[in-house]
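Student: I'd like to ask you about the structure that follows.
Derivation of every value follows stated rules applied to the coordinates shown; laboratory data play no part. Just so we're clear, the structure is a prediction, and the values are computed from it rather than from any experiment. Cβ coordinates were reconstructed from backbone atoms using ideal geometry, including for glycine residues, and neighbour counts include every protein chain displayed.
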Amino acid sequence: MTKTILAGVAFSALLAFASTSFAAVIEYGADLKASSEVPANASTGTGQLVASYDTATKKLSYAVIYSGLTGNATMAHFHGPAAAGANAGVVVPVKEMTPNTLRGEATLTDAQAADLAAGKWYFNIHTAANKGGEIRGQVLKK
């Protein structure tokens, strides 16, 4: 009986280790600029998104720095699925708007994670002068 219990514990430990060994953290990034908006605009604003996706927890964590916008950022979002040059709906909204830096996290569905991995998401920041988006960048694996 003791051998059976030990074998069961060893097998459970092996399964736990095996499942975590397949987990990965994938890094993403995007250069945000007005020329990437659809339609493009004349803003001189710029920004940089860095993000990571943990395949085990399905958590996307991100940070954005931006500057030079025509006014205060009013909204920011991840959109998808869409290729560069196309528009799509909001997938993950930024919940807390702060000047020059945005941070957040979201738990993704399997479909959302697949679109992100396929390069079908973009990130943009909106202002009062550019309600449809002032700067934008396609989110791609690093």
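Student: Convert each backbone phi in region 29-35 into a coupling constant with the Karplus relation 6.51 cos²θ - 1.76 cosθ + 1.60 (shift: θ = phi - 60°), then list the ³J(HN,Hα) values in order as whole Hz, x for Gly and Pro.
Tutor: Once rounded to whole Hz, the list reads x, 7, 8, 9, 8, 5, 5.
Student: Charges only on Cβ, +1 for Lys and Arg, -1 for Asp and Glu: so what's the dipole of the chain about the Cα centre, in debye to the nearest 20?
Tutor: Roughly 180 debye for the chain.
Student: Can I ask one more? Taking 0.36 nm per intervening residue step and subtracting the Cα-Cα distance, what contour gain separates Lys142 from Thr44 on full extension?
Tutor: Contour length minus the Cα-Cα distance gives 32.8 nm.
Student: Relative contact order, percent, of region 24-141 when contacts are C-alpha pairs under 8 Å separated by at least 6 residues?
Tutor: 32 percent
Student: So what are the chain's ellipsoid semi-axes, whole angstrom, largest first, if each one is the square root of 5 times an eigenvalue of the alpha-carbon gyration tensor?
Tutor: Largest first, the chain gives 40, 14, 11 Å.
Student: Quickly estimate the mean residue ellipticity at 222 nm for the chain, helices only: each DSSP H run with n ≥ 4 gives -39500 (n - 2.57), and the total goes over all residues, rounded to 500.
Tutor: -6500 deg cm²/dmol
Student: If I fit a long axis through the Cα atoms of helix 2-21 and take the longest principal axis of the Cα atoms of the chain, what angle between them do I get, 0 to 90°, rounded to 10?
Tutor: 20 degrees
Student: Using the Karplus equation 6.51 cos²θ - 1.76 cosθ + 1.60 (θ = phi - 60°), what ³J(HN,Hα) coupling, rounded to whole Hz, does each residue of region 78-84 give in order, writing x for Gly and Pro?
Tutor: My calculation for region 78-84 gives 8, 10, x, x, 7, 7, 4 Hz in order.
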